[in-house]
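Bear in mind these aren't lab numbers, they're just calculated from the coordinates by the rules spelled out. Values in this document were obtained by computation on a predicted structure and should not be read as measured data. Virtual Cβ from ideal backbone geometry, glycine too; neighbours counted across all protein chains shown.
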Ligand code: DN4
Ligand code: BGC
Ligand code: ZN
């Protein structure tokens, strides 16, 4: 048993409490101080009691929340590569015993026996300090990334999705005639943090990229779009933009009706990446014509979840690249900073919010 000051919920019942907790499962001898933790829909869903798959660590009647974190090494313990003061990002998923988990690909766990920090059976990082082992820590290469490296965890999901896209796109020649993706079209559904990270990544690959929602968006979002060369479309008033077809659709909304509206715009050999989850969304209907469309056009629809350690490393490279652009608006993806004691972060969401972050130091 070990004492920790942080934010816990009783999974899957919900609620949130800030205070001192006894925890049982920290492994590793590297002592870390939490600097920032990102808040996402998973944390809010757990606090609301909506995520039935969430559970407490064995031997505890609660779980420390938080899977998106930036930490600082207080004591490197037996680590040979980390030093006091280094910044690190902890990995969310911890392996079970299946064949994928045994090769470090617990993102592709085949039997569901992996654990997820702050979600399923392992305490998360919304606390002052924690212990971990080198295997599950990714070093931030540059201390100047301190203000935005908390975005590594959401970005690592995008890096894995790009790996999956790379694999499935090989079923036909997907690139343009000059071997790049120039002229290919990507549409990302949603305007939250993951939507921006996806859109910025596909735009970097050369795609003409739009993000879209069913309503207009605020100035901060429009400025970020402009800087990263993304178009924004309010599809409730302008579906015409998509009439020329789309090569890649990424969904971050989890809304079946919207997903199939955009699915019907996919070009031959088109790929749809499903990423958003919303168990409470309204169902939609799919027709025989929709199925024909998939077959006749060689379409691929795929789901992608989580990521491996290599994708955290790629995410840090990507963030460093974006963060070092002249007058980069990358930090503007973080729209609100909260104190750990302020539990409204889990229950209220301002429309201008992209990413909310809790500051611990
Ligand atoms: P988020 O900030 O809640 O983003 C969801 C976005 O979808 C918001 O901008 C929504 O807009 C928008 N949206 C909702 N309904 C519609 C609709 N019908 N048409 C267009 N847009 C819509 O969450 P996030 O960006 O942090 O994450 C995106 C999704 O990915 C969430 O569902 C997460 O659960 C999921 N996720 C998956 C993984 C994984 O697979 C990891 C992290 C997150 P508005 O309603 O706010 O206006 O590993
Ligand atoms: C995290 C993933 C995790 C997933 C579980 C997401 O918010 O980014 O690492 O596997 O939640 O649903
Ligand atoms: Zn998350």
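Annotations
- Altogether, the Stokes-Einstein calculation at 37 °C and 0.692 mPa s, with the Kirkwood radius of region 284-361 over Cα pairs as Rh, returns a diffusion coefficient of 191 µm²/s.
- Rg in Å to one decimal, and Dmax rounded to a whole Å, for region 217-294 via C-alpha atoms: 14.0, 42
- Rounded if a/c under 1.5, otherwise prolate or oblate - region 168-209, Cα gyration tensor axes: prolate
- If R0 equals 25 Å, the separation of the Cβ atoms of residue 175 and residue 237 corresponds to a calculated FRET efficiency of about 0.15.
- Axis angle, to the nearest 10 degrees, between helix 309-323 and the longest C-alpha principal axis of the chain: 70 degrees.
- Secondary structure note: in the chain, about 55% of the DSSP beta bridges are antiparallel.
- Between residue 295 and residue 52, the distance separating the two model label sites (each 7 Å from Cα on the Cα→Cβ line) works out to 3.4 nm.
- Rg over Rh for the chain works out to 0.97, both radii taken from alpha-carbon positions and Rh defined as the Kirkwood radius.
- Given R0 = 35 Å, the distance between the Cβ atoms of residue 277 and residue 83 translates into a calculated FRET efficiency of 0.35.
- Averaging the Cα positions of each part gives two centres, and for region 140-193 and region 1-50 these lie 29 Å apart.
- Protection proxy ranking of 155-162, 279-286, 30-37, 343-350 - average other beta-carbon atoms within 10 Å, highest first: 155-162, 30-37, 343-350, 279-286
- Our summary gives region 173-297 a relative contact order of 22 percent, counting only alpha carbon pairs under 8 angstrom and 6 or more residues apart.
- Each of residue 27 and residue 135 was given a label point 7 Å from its Cα along the Cα-to-Cβ line. The distance between the two points is 0.6 nm.
- Relative to the dominant Cα principal axis of the chain, helix 193-204 is inclined by about 60°.
- Per residue, the chain reaches -6500 deg cm²/dmol at 222 nm when only DSSP H runs of four or more residues are counted, each adding -39500 (n - 2.57).
- The long axis of helix 152-168 is offset from the longest Cα principal axis of the chain by roughly 40 degrees.
- Each peptide among 119-128, 72-81, 8-17, 93-102 gets the average number of other Cβ atoms lying within 10 Å of its residues, and from highest to lowest they stand as 119-128, 8-17, 93-102, 72-81.
- Taking packing as the residue-averaged number of other Cβ atoms within 10 angstrom, the listed peptides 194-201, 135-142, 323-330 run from highest to lowest as 194-201, 135-142, 323-330.
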